[in-house]
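Below you'll find the structure, written out as structure tokens, and then a few comments.
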Amino acid sequence: MGQVQGKVALVTGGAAGIGAAIATTLGREGATVVLTDLDTRRGEETAAGIRAAGGEALFLPQDVTEEERWREIIAEIDQRHGRLDVLVANAGIAIIAPITEMSLADWRKQTAVNIDGVFLSAKHGIPLMRKSGQGGSIVMISSVAGLRGSAGLAGYSATKGAVRLFSKSVALECAGARDGIRCNSIHPGIIGTEIWEKMPAGAADARRNAPIDPRVLAEAGVPTGQLGTPQDVANAVLFLASDASGYVNGSEIVVDAGMMAGRVGNLAAR
């Protein structure tokens, strides 16, 4: 307990799923948490849950694509706490469609949330993080889809690949400024969240419209056959947010039970 005691943390997309697990974990470990989301009801519930468990949390409604709202969010954190130590850019969406069938509107919607929202988090969060003079930690949530291609996920992969390299550039800019701010990315594999219910199973076959079952995907694509949990990702965020990761910068943590390592089986023995 207390791994981020006394720190002020901002978590975007914190109302449910991975974001809620991150916010709850940081709150449990001593951080004062500000979580934002478009889902006001669930965002308030998550914040209330953190407070009920003895932590400090505030929910603020936010569309991460709106720059003026970013100015307001950062100003409120500054007014309330005077500092920002941990910034978790988690808000994101996934739109599955073959390249030739994806609309330009959907492409732009996805890039607006997944890239523009992350850019704005750094642009407006870094000045407040620098204000304390004590550095801080930025964690950007990417995906294994940002490390390799996937049919039907071209748009999503493009955004998550951008997040991966953007985080490294942010790390280098902050390192050059000697401001003590670190920036790393996390790449979850197949995690059991509600996002799968919102994506039709039509990545390679547009004729299928049933919701994707992540358990089936995990059994087929994860070496251990395990479906990850939001807490698995939250644990990695906690490490990067804490002082234990003080020498980790411009790096990436893959939380995928071995997906990116390769395939199970000894091909040499066949």
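The values are calculated or read from the model by the stated rules, or taken from the named source; none is laboratory data. Fair warning: this is a prediction, and the values are worked out from it, not measured in the lab. Positions of Cβ are generated from backbone atoms using ideal geometry, with glycine treated the same way; all protein chains shown enter the neighbour counts. Remember, those area values only see protein heavy atoms, side chains included, never the ligands or the DNA or RNA. Shrake-Rupley method; radii C 1.70, N 1.55, O 1.52, S 1.80 Å.
Antiparallel DSSP bridges in the chain: what percent, to the nearest 5? Show your work: numbers first, answer last.
Working: 1 of 30 bridges.
That works out to approximately 5 percent antiparallel.
If you count only protein heavy atoms with a 1.4 Å probe, what accessible area per residue comes out for the chain, rounded to a whole Å²? Spell out each step's value before the answer.
Working: 12860 Å² over 270 residues.
Accessible area per residue, the chain: 48 Å².
Count charges around ARG71 for me, please; just the other residues with Cβ under 12 Å from its Cβ, Lys/Arg as +1, Asp/Glu as -1. Don't skip to the answer; put the middle values down first.
Values: positive: ARG69, LYS123; negative: GLU66, GLU67, GLU68, GLU72, GLU76, ASP78.
Here the count lands on -4.
For GLY54, what is the net charge nearby, where nearby means another residue's Cβ is under 12 Å from its Cβ and Lys, Arg count +1, Asp, Glu -1? All intermediate terms of the calculation are to be shown ahead of the outcome.
Working: positive: ARG28, ARG51; negative: GLU29, GLU56.
That works out to 0.
Tell me the carbon and sulfur percent of the accessible area for the chain, rounded to whole percent, probe radius 1.4 Å.
On the way: 6720 of 12860 Å².
With neighbouring chains kept in place, the figure for the chain is 52 percent.
Around GLY250, with a cut-off of 11 angstrom between Cβ atoms, what is the net charge of the other residues, counting Lys and Arg +1 and Asp and Glu -1?
Numbers: positive: ARG164, LYS168, ARG182; negative: GLU173, GLU252.
My count for the surroundings of GLY250 gives +1.
Among the complete DSSP H segments of the chain, which ones combine at least 30 Å of alpha-carbon extent along their axis with a mean Kyte-Doolittle hydropathy of 0.0 or more? Each step should come with its number before you reach the end.
Numbers: long enough: 154-177 (34 Å, 0.45).
What comes out of the filter, once short or polar helices are dropped, is 154-177.
Helix-only mean residue ellipticity at 222 nm, the chain, DSSP H runs n ≥ 4 weighted -39,500 (n - 2.57), per residue, nearest 500. What is it? Numbers along the way, then the final one.
Details: 8 runs with 107 residues, N = 270.
So the helix-based figure for the chain works out to -12500 deg cm²/dmol.
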